[in-house]
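Q: Dumping the structure here so I can ask a few things about it.
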Amino acid sequence: MAQLFILSSISLLFIGLFGVLTRKNIVKILIALNIMETGINLLLVAFGYVENGIVPILTSNESIMNLTKMVDPVPQALVLTSIVIGLGTTAFSLALAIRYRYNHNSLSIRASEEEEGVNI
Amino acid sequence: MRDERSLFINIVALLILSVIGFYIYKVSMDTGKGIKITDNITPQMRVADRFMNKNVIKEESKYVWGGTAENTSANIVTSVVVDYRLFDTTLEVIVLFVTILGFGFVIPKDKRKIIKPTTILNRWAPILMILMLMIGGYMFVNGHLSPGGGFPAGAIISTAVLIGVLAGRKTLSQKTLKIIEAVAGISIFSLGIASFVITGNFFQNFILNDRIGDLFSAGLIPIFYGLIAFKVAAELSNIYFEFYEEC
């Protein structure tokens, strides 16, 4: 099961990297960056995964006996941090994209070269 | 965007990335000596095990139910976020504040046109807003007992504000949002200073000795989570107002 998690998170990471490397549209690059971020979050949560684990919530007196069965809560807390900061950076980069659109009248990352007529 | 769909570039990128991805997968699944990344079955390999057994300092000390080890919240993730790593969480809120500040500086303030909302959206917006505010309030009140907490609650409340903005109804002014954000931020740090005066440690929980699992338990944790929820909601609502500001 941990293999499946790691395989899926690495494939998400590389789908995002593929998008960042090959696309020219800024919005598409930002979407690809968000896909990469999702892959990394999934990888972090997968490190805390336990086979047949239970949620790390104390519900009764018996749940203290099951501490070793609980999944690891620390990566989940870290992923909470990473999601919020990812949201902030995404909003900031979208604002930058809007500014870029106003300056160059295009969303391509080669807009300045295309204006000058350079043949790429 | 001429060569975006060029076949050659895409195939080369796919080949390189698949080779790198295969080797990273192989390394991460490697069963050699030393600490294995994917080994979650032996409890000693887990990060939180030492926290839960409280043997960070001494190897032989063990967890005692109802003792001094865990007297905070029933949800251990909340304990980690708002008690053990509260410095991390407050700095994260500050990072969010700074990014929203930069967003407000960078976004251009001209050539904005606003689409008039339809009748359906205008009529249904208050009903949806009430439901969303209810769910958001439940999430941060119950954050120390069940999954949820301040950040998701803030996101849900700000979505309710977004629906009001989209429907063209006057719900909140930007000045009110800034006051909410400032009051929440100042209260978090004044609670930290209060705990420094009372217990001697910054951000230490000073309301103790309550039963785990009650609604009014875990001392300062629900208060901190409520403040964080209001701060995050105000910050995220600011984004929507910036996008929709009339000029």
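The values are calculated or read from the model by the stated rules, or taken from the named source; none is laboratory data. Since this is a predicted model, take the numbers as computed values, not measurements. A quick note on method: Cβ atoms are made from the backbone with ideal geometry, for glycine too, and the neighbour counts reach across all protein chains shown.
Q: For the stretch B:194-224, which positions are surrounded by 12 or more Cβ atoms within 10 Å (Cβ to Cβ) and β-branched (Val, Ile, Thr)?
A: Just the residues of the stretch B:194-224 that are surrounded by 12 or more Cβ atoms within 10 Å (Cβ to Cβ), to begin with: B:194-196, B:199, B:202-208, B:210, B:212-213, B:217-224.
Across the stretch B:194-224, the qualifying residues are B:199, B:207, B:212, B:221, B:223.
Q: Ok, one more. Identify, please: which residue in the stretch A:72-93 is of a type in the set (Ser, Thr, Tyr) and within 7 Å of chain B (Cβ to nearest Cβ) and is, among those, surrounded by the most Cβ atoms within 10 Å (Cβ to Cβ)? Before the answer, list the steps.
A: Taking the stretch A:72-93 as the starting set, the residues that turn out to be of a type in the set (Ser, Thr, Tyr) are A:81-82, A:89-90, A:93.
From what is left, the residues that are within 7 Å of chain B (Cβ to nearest Cβ) are A:81, A:89.
Values: A:81: 17, A:89: 19.
Ranking the qualifying residues of the stretch A:72-93, first place goes to A:89.
Q: Taking the condition aromatic (Phe, Trp, Tyr) and more than 28 Å from residue B:94 (Cβ to Cβ), does residue A:47 pass? Spell out how you get there, then give the answer.
A: Numbers: aromatic (Phe, Trp, Tyr): yes; more than 28 Å from residue B:94 (Cβ to Cβ): no.
No, not satisfied.
Q: Specify the residue that is nearest to the other protein chains (Cβ to nearest Cβ); the eligible residues are those in the stretch A:19-71 that are exposed (fewer than 15 other Cβ atoms within 10 Å of the Cβ) and among the charged types (D, E, K, R).
A: Among those that are exposed (fewer than 15 other Cβ atoms within 10 Å of the Cβ) and among the charged types (D, E, K, R), it is A:51.
Q: I'd like the full set of residues that are of a type in the set (S, T, N, Q) and over 32 Å from the mean Cα position of the chain (by Cα), limited to the stretch A:46-67. Give the derivation first.
A: Filtering the stretch A:46-67 down to residues of a type in the set (S, T, N, Q) leaves A:52, A:59-61, A:63, A:66.
Residues satisfying the conditions are A:60, A:61, A:63.
Yes/no per residue for (1) more than 18 Å from residue A:87 (Cα to Cα); (2) β-branched (Val, Ile, Thr):
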| position | (1), (2) |
| --- | --- |
| A:7 | yes, no |
| A:10 | yes, yes |
| A:13 | no, no |
| A:21 | yes, no |
| A:28 | no, no |
| A:64 | yes, yes |
| A:69 | yes, no |
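Q: Let me ask you something else. Would you check if there is a residue in the stretch B:163-173 being out of contact with any Gly (no Cβ under 8 Å at 6 or more places or on another chain), under 21 Å from residue A:92 (Cβ atoms), β-branched (Val, Ile, Thr) and in the same structural domain as residue B:108 (by TED's automatic domain parsing)?
A: Within the stretch B:163-173, one or more residues are out of contact with any Gly (no Cβ under 8 Å at 6 or more places or on another chain), under 21 Å from residue A:92 (Cβ atoms), β-branched (Val, Ile, Thr) and in the same structural domain as residue B:108 (by TED's automatic domain parsing).
Q: Across the stretch B:116-138, which residue is surrounded by the most Cβ atoms within 10 Å (Cβ to Cβ) among those that are over 30 Å from the mean Cα position of the chain (by Cα) and either part of a loop (DSSP other than H, G, I, E, B) or among the β-branched types (Val, Ile, Thr) (or both)?
A: B:117
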